[in-house]
Amino acid sequence: MSRRKLGSSTLFAFFICIVLLRSHFLQLVRCQVGELISPPIPENLDLLTRLAYNGLNNLTSDILSSQLIQDYSFCIENPEAEWNTAFNFSSDLSFVAACLAKTGDITPRLCNAAEMEVYFNSLKHGWNHIKPNRNCNSTHWVAGCEPGWACGTGSDETSGFKNPHQIPMRQSNCQSCCEGFFCPYGITCMMPCPLGSYCPLATFHPNTSMCAPYSYKPPPGDSSHTCGGANVWTDAHSSNELFCLAGSYCPSSTETKPCSSGNYCPMGSTDEQRCFKLTTCNAKTESQDIHAYGIMLIAALSTLLIIIYNCSDQILTTRERRYAKSREAAARTVREKTRARARWKAAKEAAKKHSQEFQSQFSGRFSKKNIPNSDQVIIFNQTESETTSDLYPSLSPAASQAKKTEPVHLMNMIYEIEGDSASFESFDLESREMNGKKIISKEKDIHTHSQIFKYAYAQIEKEKAQQQRNKDLTFSGVISMAMNREPIKRPLIEISFRDLTVTLKGKHKDLLRSVTGKIRPGRITAIMGPSGAGKTTFLSALAGKTVGCTVSGMISINGKAISIHSYRKIIGFVPQDDIVHGNLTVEENLWFSARCRLSADLQKAEKVLIVERVIDALGLQAIRGSLVGTVEKRGISGGQRKRVNVGLELVMEPSLLFLDEPTSGLDSSSSQLLLRSLRREALEGVNICMVVHQPSYTLFQMFDDLILLARGGLTVYHGPVKDVEDYFSSLGINVPDRTNPPDYFIDILEGMVKTSSSSGVSYTELPVRWMLHNGYPVPPDLRIHAGPSTSPLNGDRGHEIPCSVPEEQSFAGEVWQDVKCNVERQRDMIRHNFLRSIDLSNRRTPSTFVQYKYFLGRVGKQRLREAKTQAVDYLILLIAGACLGSLTKANDMTFGFGAYTYTIIAVSLLCKIAALRSFSLDKLQYWRESASGISSLAHFSSKDTVDLFNTLIKPVVYLSMFYFFSNPRSTFAYNYIVLLCLVYCVTGIGYVLAIFLEPGPSQLCSVLLPVVLTLIATQSNGSKFVKILADFCYPKWALEAFVIANAERYYGVWLLTRCGSLLKYGYNVHHWIFRLCTLILAGLICRAIAFIGMVTLQKK
């Protein structure tokens, strides 16, 4: 039997059992007390009533265990509880007693199973399409066939389970239906009304000729036929005549009472429900006004959010302020002690010089044997005081005491200064090895911020003093510094390349060609050339970041053919664009990079030293607490942003550093400041390679090596900067006076400046001349230009393969070629993203969990600084909840189907758009961080964790208005749980859209997707394909959970309405938890897809 066919008789099983059991038991009573007399004796009436109901109650277990209950379990979760709420008349059997008193015996007039099946099968097409049974036809129509009337069976007819498929003949004792029962049209029997219904006898209304309160008319032309009882029980949408009216309650099916003040009574109530406190409930009220609770909830929620955001912001601000005070105090203390140290050294030198002058003045008065050796004179110590007193025996005691007091005072001051070894040991420039062990032991005792900053600033001042001393060194001093120099701690990386060629796939165009050379550690190599010379391509090829290109030739790391990715943890790459988090301060950006990329074994004091050193070297002290800024919100200047962009790589102490035009947009002083900081890194053994676009002469002289490229990616010069002018002079190209050499060379390569005729060299021949100069093999297509008599080569074709003339392709061929190139480019990107090489960097960076904690702190700060945006999201949700709650009430007929449909659309749309911001706004920052080795899982998990706060709060914000305006029967907790799962699901979908699509299309999909999916999910009469598709739409899962939670609060007379609606929508009351789990699982799957897409589709 199909489910829809079963649905037509779902609850009719209850009535079948009720009728047949009552009939069976009353027949047993007949056998014991004899044939009943109409009307029965009043003393026997109560006994018969109780006996009938007790017999029915004893056989309930048989009904509940029947197969019919199992077949219709989709709308009945607990059959025993549903029985009690719909047909438990034990508290009031007055309607049974009244019917017995009226008819004498109700058994012959009750419907059997076959008659009920006919009735409920007819309800499939609507209650007004009930087909009469065999007792009511065109040739035989008794009074019981009319609505509200019933007839009894003959003495030879039986009713009950003995013959459930036979409709008995009913022609005798036809009269109106009893109160508490209903008699359908064309059925000729009675059925009991369920609890929550009101089934009085009808009265004729002369104005309308209707039998009030029902909607049927007595048969015309028959004055003896009066209005009977109730005529139909069906779902509330078709007919709600039997339902107890809203604002009233019905203790039994024959009694109705108005709802008193302070209580409310929804339609179909059996008793009054007490109103909550702070609500207004007048007499005859259908629902309570709980708007006050919504206002209180939103006020409490707003207060909580304000406290959370303000307190968190205050805590962060206070912490940063205390941190800054500790740092400034430490810096001030170190500077003061540095100045005191300088004054002490100056005083020491002056005293020593003064002592030597005294020695020279009195050298003639004493014999040599009485004069102590000058090497034995100790300044400001006890021996000197004793000697001085012996040298001046004629001095008066007062003068002697005065002379003695001053040196002793100076000596005590110096002892006091020198005694603080913790403060001044790092300033002793001549005892570095001797104090090394002291520093190591001292670092173990460094815990507080003040101690850490004192240590960091002391080291910085020490380095500055050393740099100043290096400027004033003599030749012997340079030799001494070289002999006592500390060993380099960073690994050295040397990159050599031979015949390096980069060809664009599909178009077979050479972006870089036959480049040979080497970049060495401890040196700064500048890459220069005109536009289109392949400078960035060359840098990307060395860094292993080329995508959509074929790289040929050989690249060696420290003389071995090893992938550059094996040293990813100690390689820094500064992109041309300033990719920095705009909603973080300068210091926060640098600190995050340092925490995630420095060695996990490094002490915190050393990390502070590294960050403070970079901030000081790049001149970022004044703006360290300023937000970097975004396009919408201005922050630091462009030059400062460029220096922060470089600082992100310097704080991780790289061994190899690539920079793509780091000086572009900087003025001369800022560029020199940046180069000085890079020069300091080079002294540590860092291999620095950078693309520079026409530097000034001063900046040009700060480079060690130069790689000069011509158009087509051909090398023109590769060697020391100091030799570049000599090399070009050997070719007959001399730099004019007062001309910047790099500008002049680039102008020549651009063809803007012609070489002199005496040189006999064209700018197109310069790459070939360099190959011949170094003995490199010359490509065959360039050999014709090896001599001075060659004709100039077109600059646009110098890097193409001239021997092969490309065939002209059709339009379809070109399209196919472009598609093929795009596919290969995507394949290269995926291969790069999933390529994992052996780690040879010997640096153990923090684990994924530790980085996750760092990410949580960063994302939390970013969210707090976006509090206004979050407030706007909450405000929109609040307005949406108020509007939808007011306009779309939770309709009892559909169990809130329409209101919840609009809720799903609104919440999905708003939450998806908000989720887009999590991953669409910082894609560039993520690509940069991921390329440097920072954990992608930590990045994704931290954002999702912080977004869980919004996932928990947003359902409360929306329901605080919607629930208290629409006032559904389901509890607030049930609505919150469903909405929580829905928000979790749509947030994951928002992640997928943000990662796989650009901002514009992702926003459009976020708007259209919930609307389209909800329309598909609510198509009850669609095709089979649409129904299958609807099963995979998340709006159907959420809508089913909402409707089930609300429908379970309707019972008694609502039982048919519930089963009919659930059957129509295809829902099952047992699927509530399943749908919630489905929503959560969909959210998890979407997050997994988003993470895979984030890792796979990232751009290098």
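Observations on the structure shown:
- Q694 fulfils the conditions (1) open to solvent by 10 Å² or more (accessible area, probe 1.4 Å); (2) in contact with a Leu (Cβ under 9 Å, 6 or more places away or on another chain); (3) within 17 Å of Q576 (Cβ to Cβ) except for a single criterion, (2).
- Count of region 217-257 residues which are open to solvent by 30 Å² or more (accessible area, probe 1.4 Å) and among the aliphatic types (A, V, I, L, M): 2
- Checking each residue of region 307-325 against the condition of being touching a Pro at 6+ places or on another chain (Cβ under 8 Å), open to solvent by 60 Å² or more (accessible area, probe 1.4 Å) and either part of a helix (DSSP H, G or I) or not small (G, A, S) (or both) gives no match.
- Checking M528 against (1) out of contact with any Phe, Trp or Tyr (no Cβ under 7 Å at 6 or more places or on another chain); (2) without any contact (Cβ under 8 Å) to a residue 60 or more places away in the chain, the condition it does not meet: (2)
- Hey, I838 outside any helix (DSSP H, G or I), at pLDDT 70 or above and hydrophobic (A, V, I, L, M, F, W, C) or not: yes
- Residue pairs whose Cβ atoms lie under 9 Å apart, sitting 6 or more positions apart in sequence or on different chains, and linking a residue in region 942-960 that is assigned to a helix (DSSP H, G or I) to a partner that is among the acidic types (D, E), are N950/D873; K954/D873; V957/D873.
- Within region 761-780, residues that are on the phi < 0 side of the Ramachandran plot and basic (K, R) reach partners that are open to solvent by less than 20 Å² (accessible area, probe 1.4 Å) and modelled with pLDDT of 85 or more with beta carbons closer than 9 Å, at six or more positions or on different chains, in the pairs R769/V716.
- Region 813-824 residues that are at pLDDT 70 or above, paired with ones that are open to solvent by 90 Å² or more (accessible area, probe 1.4 Å) (beta carbon under 8 Å, 6 or more apart): C821/K507
- Against the criterion of being of a type outside the set (D, E) and touching a Leu at 6+ places or on another chain (Cβ under 6 Å), N687 qualifies.
- Reported count of residues in region 545-573, each being assigned to a loop (DSSP other than H, G, I, E, B) and either in contact (Cβ under 8 Å) with a residue 40 or more places away in the chain or over 25 Å from N842 (Cβ atoms) (or both), is 8.
- Which listed residue, of C281, C199, is at pLDDT 85 or above and open to solvent by less than 50 Å² (accessible area, probe 1.4 Å): C199
- Given (1) open to solvent by 20 Å² or more (accessible area, probe 1.4 Å); (2) part of a loop (DSSP other than H, G, I, E, B), number of the condition A973 does not satisfy: (2)
- Condition check for S514: touching a strand residue (DSSP E or B) at 6+ places or on another chain (Cβ under 8 Å), open to solvent by 20 Å² or more (accessible area, probe 1.4 Å) and not in a loop (DSSP other than H, G, I, E, B): yes
- The set of residues in region 1019-1033 that are open to solvent by less than 10 Å² (accessible area, probe 1.4 Å) and not in a loop (DSSP other than H, G, I, E, B) contains only A1030.
- Of residues in region 720-730 being buried (at least 17 other Cβ atoms within 10 Å of the Cβ) and not hydroxyl-bearing (S, T, Y), the one farthest from G775 (Cα to Cα): V721
- Considering only residues in region 496-511 that are in a strand (DSSP E or B) and in contact with a Cys (Cβ under 9 Å, 6 or more places away or on another chain), the one that is least open to solvent (accessible area, probe 1.4 Å) turns out to be V502.
For (1) in contact with a strand residue (DSSP E or B) (Cβ under 7 Å, 6 or more places away or on another chain); (2) under 29 Å from L937 (Cα atoms); (3) among the β-branched types (V, I, T); (4) crowded, with 22+ Cβ neighbours inside 10 Å, each residue gets a yes or a no:
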| residue | (1), (2), (3), (4) |
| --- | --- |
| L1039 | no, no, no, yes |
| N1046 | no, no, no, yes |
| Y1051 | no, no, no, no |
| L1056 | no, no, no, yes |
| N1068 | no, no, no, no |
| C1077 | no, yes, no, no |
| I1085 | no, yes, yes, no |
| F1091 | no, yes, no, no |
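- Residue within region 481-495 that is open to solvent by less than 30 Å² (accessible area, probe 1.4 Å) and modelled with pLDDT of 85 or more present: yes
- One residue alone among K923, K912 is within 26 Å of L997 (Cα to Cα) and in contact with a Pro (Cβ under 8 Å, 6 or more places away or on another chain), and that residue is K912.
- Positions within region 890-941 being under 18 Å from the mean Cα position of the chain (by Cα), farther than 18 Å from Q1003 by Cβ and assigned to a helix (DSSP H, G or I), in sequence order: L924, Q925, Y926, W927, E929, S930, S936, L937, A938, H939, F940, S941
- Here is the figure for region 258-276: residues that are of a type in the set (A, V, I, L, M) and exposed (fewer than 13 other Cβ atoms within 10 Å of the Cβ) total 0.
- Residue among E649, E588 that alone is crowded, with 23+ Cβ neighbours inside 10 Å and acidic (D, E): E649
The values are calculated or read from the model by the stated rules, or taken from the named source; none is laboratory data. Being a predicted model, the structure only gives us computed values, none of them experimental. Note that each Cβ is placed from the backbone with ideal geometry, even for glycine, and that neighbours are counted across all protein chains shown. Surface areas here come from the heavy atoms of the whole protein model, side chains and all, with no ligands, DNA or RNA. Shrake-Rupley method; radii C 1.70, N 1.55, O 1.52, S 1.80 Å.
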